[in-house]
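The values are calculated or read from the model by the stated rules, or taken from the named source; none is laboratory data. On a predicted model such as this, the values are computed, not experimentally measured, just so you know. All Cβ positions, glycine included, derive from the backbone under ideal geometry; neighbour counts span all protein chains shown. Surface areas here come from the heavy atoms of the whole protein model, side chains and all, with no ligands, DNA or RNA. Shrake-Rupley method; radii C 1.70, N 1.55, O 1.52, S 1.80 Å.
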Amino acid sequence: MKNLFFITLTFFLFASCGAAQQKYSVSDKKAVKLFEEGFNQPRAARDPQTGGPDFRGGIVLIKKALNREPNFFEAHGTISEFYENIGQNAPAIYHLEEAIRLNPNISGTGSEYFFLANLLSENSQFEESNKRIDQFMKFQMANPELQSKAMSMQANNLFAIEAMKNPVKFDPVNIGPGINTSNPEYFPTITVDGKTILFTRRIKDDRINGNQHEDFYISCLGEDNKWKTAIPMPSNINTIANEGAPTLAPDGRSLIFVACEEYEGYYGENRNGYGSCDLFYTKRLGNRWTNPQNILGKVNSFHWETQPSLSSDGKTLYFIRGIRGREGTKQGDIYVSKMQADGTWSRAEMLPSAVNTPEAEESVLIHPDGKTLYFGSRGHAGMGGSDLFVSRLDASGNWGKAINLGYPINTKYDENSLMVSADGEIGFFASDREGGYGGLDIYYFPMPDHLKPTKTIYFEGLVFDADTKRPLPGKFKLIDLENGKEVVYSEADSLTGEFVVSLPVNKKYALNVSYPNYSFFSQTFDMKDPDGQEAFQMDVPLIPISSSQPIVLNNVFYDLNKATLRPESYIELEKLREFLATNPLLKIEIGGHTDTRGDAGENMKLSTERAQSVYDYLVAKGLNKTRLSYKGYGETKNVVSDAEIAKLTDAKAIEVAHQKNRRTEYKIIK
């Protein structure tokens with residue numbers, strides 16, 4: 001917030017009265033002449049160091065005037081503004097304080113006190129800044145807009161004082177030469193398995209005006225736990241236009257990024273946009289990325305859309321939108337859009353005031369846990385400039401109060417583009433701090449405990465035909481068994497069958513994998529006690545509907561020693577009903593099984609009753625009885641034999657073996 005009070009005041013007096021008639025606070029003509037020459041120097045010459053207005057030359061001349069007349073308050077005020085313009089706050093503060101000492105009521109509105117308070121705050125002199133704010137607020141003619149800004153500044157100062165007394169642990173480490181170079185690197189995004197990172201690099205390019213543009217680079221984590229040398233994305237992604245602010249889907253196979261209009265209508269080769277900056281989408285099939293397309297639906301607009309973040313379920317997109325109007329582009333706010341049933345994105349809605357403020361929000365990140373939002377903001381109380389914040393989504397769908405990440409993660413400078421690993425342990429950010437490889441570099445640091453998201457691990461493997469071993473693009477649904485909500489939707493690679501699915505901890509999930517003409521696959525993941533588990537590796541063989549091989553319903557549960565279905569079973573049974581409705585010619589037998597513990601006769605009875613419970617549910621849901629039958633097998637068809645169980649020594653492993661035997665299955669009857 002530049003202080004232009006003295007420059008504006010002096011220029012106005014020059015224009016209205018003429019230099020010869022100007023009345024100053026001093027009478028020394030030589031001092032006045034030097035001051036006026038210094039005042040005009042920024043407009044008369046260019047700074048040889050920066051190419052901008054020559055404020056340094058003006059400072060030299062005005063200092064000579066002050067040597068002759070130390071009480072020349074107009075000179076003190078103007079040289080203060082010149083120092084501020086070249087980023088030297090300490091002398092700017094000194095000279096503005098001198099101007100106020102010599103004339104405590106220069107403006108009549110107290111604005112000089114406000115600008116002094118701002119300089120002091122930028123210089124981390126927070127208590128002194130608040131004293132000057134108190135003085136400013138006493139002026140009855142104070143500018144209301146500056147009063148509002150002063151109140152925000154005072155809140156920032158109070159926060160900064162306490163934050164610096166209670167610093168958070170912060171020890172950033174440069175991510176290394178595999179990623180960082182002498183060029184600027186920033187806006188990192190990482191896959192849920194933590195093995196692939198994609199980021200923006202600004203490179204030199206003689207083909208374009210300005211000789212530089214932004215491209216995407218990608219790096220993989222090596223076996224030595226170091227990042228390999230990053231390589232550029234293919235030429236259908238990287239163009240001579242700018243590509244920036246990427247967000248990768250958790251499995252690394254979908255990418256949404258920003259492309260801006262370089263000149264009228266041009267967003268890069270074969271790309272169409274709606275205005276200013278738009279969001280584009282590309283997908284990896286095997287090792288090939290599709291040509292980017294403007295994302296379908298109602299996200300992109302005449303306005304300015306940037307900095308997207310895609311949720312782990314692939315169905316929610318957060319991004320920044322700046323509204324364009326007659327006065328230019330309004331500072332950005334965070335918006336959210338939902339993917340609709342037809343695959344297009346809904347009309348975007350602005351997040352509430354717990355997150356957005358009248359000032360700028362930027363660099364939004366939704367963590368793979370789906371409920372922890374990190375973002376930059378200039379409007380919430382902070383250290384000054386743009387600070388990093390976190391807000392959490394509660395069970396009712398409301399965003400909580402924004403929490404500042406604290407000092408020294410946040411400083412008086414601008415902080416943004418935070419990325420947090422899926423397990424919540426590591427944060428990544430870009431900084432031009434000393435000791436790097438040049439310009440902005442990407443750094444990482446351990447996340448403080450109170451700022452961590454819910455830990456998210458992952459489930460990976462291959463989907464394939466159980467008979468032919470051919471890869472299949474199976475569709476995944478991960479459902480919270482507690483409330484029945486779908487938390488992740490994904491699909492395997494159509495060429496390789498590879499998949500990665502996010503699994504936030506502290507929940508119990510039902511996983512369903514389906515593909516046309518195959519029986520669906522189900523699995524239970526109890527993440528309430530992951531027991532140090534970092535990932536699950538498991539292949540998914542899908543059985544053709546032409547096969548009579550039994551299919552285990554892993555998410556059907558009963559009350560202890562009873563045939564009563566527990567409510568969380570309905571998710572799986574509804575999936576079975578949908579499967580049968582989609583394949584109306586199929587007939588199935590429902591089979592119940594127990595382990596070998598207890599009386600064999602009782603086990604047979606219990607298994608029959610449990611199979612009948614599933615049968616009754618499906619009939620009640622409208623399926624024809626002629627397509628269904630049920631049978632209890634008791635302990636006669638165990639998956640794990642008693643002999644195998646007898647060899648186990650771990651109590652948990654023994655119980656897992658018995659659980660495999662206690663199951664409900666269905667098989668297709670030809």
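A compact table of results
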item	result
Mean shadow area of segment 212-329, taken as a quarter of the surface of its Cα convex hull (nm²)	8.7 nm²
Calculated FRET value between Q612 and A643, using beta carbons and R₀ = 41 Å, to 0.05	0.85
R288-K660 FRET efficiency (beta carbon distance; Förster radius 35 Å; 0.05 resolution)	0.30
For D642, solvent-accessible area (1.4 Å; no DNA, RNA or ligand), Å²	80 Å²
Alpha carbon convex hull of segment 158-211, volume per residue in cubic angstrom	183 Å³
Share, in percent, of DSSP beta bridges within the chain that are antiparallel, nearest 5	90 percent
For segment 496-620, the Rg and Dmax computed from alpha carbons only, in angstrom	16.1, 47
Normalised convex hull volume, segment 147-299, alpha-carbon set, Å³ per residue	199 Å³
Stretch gain in nm, segment M350-N517, where the contour uses 0.36 nm per residue and the Cα spacing is subtracted	56.0 nm
Accessible-area ranking of M151, M233, largest first, probe 1.4 Å	M151, M233
For segment 41-167, alpha-carbon Rg relative to the globular expectation (2.2 N^0.38 Å, N residues)	1.15
Spin-label model distance (nm) - K631 vs K131, 7 Å beyond Cα toward Cβ	9.1 nm
Net lengthening on full extension, Q49/S148 (0.36 nm per residue, minus Cα-Cα)	32.0 nm
Label-point separation, K195 to E162 (7 Å along Cα→Cβ), nm	4.5 nm
Cβ-placed point charges (K, R +1; D, E -1), dipole of the chain about Cα centre in debye, nearest 20	1040 debye
Isotropic mean projected area of the C-alpha convex hull, segment 248-388 (nm²)	9.7 nm²
N506/E578 FRET efficiency (R0 30 Å; Cβ-Cβ; nearest 0.05)	0.60
Unit charges at the beta carbon, dipole of segment 424-472: most positive-side option, F445, F429, Y458	Y458
Expected-Rg normalisation [2.2 N^0.38 Å, Cα atoms] applied to segment 49-98	1.07
Solvent-accessible area per residue, Å², over the chain with all protein chains present [probe radius 1.4 Å]	48 Å²
Solvent exposure, largest accessible area first (probe 1.4 Å, DNA, RNA and ligands not counted), of M141, M339	M141, M339
Of all accessible heavy-atom area on segment 45-101, the percent that carbon and sulfur account for (1.4 Å)	50 percent
With 20 Å bins from 0: P(r) over the chain, alpha-carbon pairs, percent	15, 38, 28, 12, 5, 1
For q = 0.17, 0.20, 0.23, 0.26 Å⁻¹, Debye-computed log10 I/I(0) when each Cα of segment 510-582 counts as one equal scatterer	-0.77, -0.98, -1.13, -1.24
For q = 0.11, 0.22 Å⁻¹, Debye-computed log10 I/I(0) when each Cα of segment 349-469 counts as one equal scatterer	-0.43, -1.32
When each of K283/K667; K508/K647; K507/K667; K475/K667; K338/K625; K455/K660 is checked by Cα-Cα distance, pairs over 32 Å	K283/K667; K338/K625
Extended-chain gain in nm, criterion 0.36 nm per residue less alpha-carbon gap, K23 and N624	206.3 nm
D (Stokes-Einstein, µm²/s), Kirkwood Cα radius, segment 412-527, 0.692 mPa s at 37 °C	193 µm²/s
Of all accessible heavy-atom area on segment 521-574, the percent that carbon and sulfur account for (1.4 Å)	49 percent
Probe 1.4 Å, all protein chains present, accessible-area order of F139, F199, largest first	F139, F199
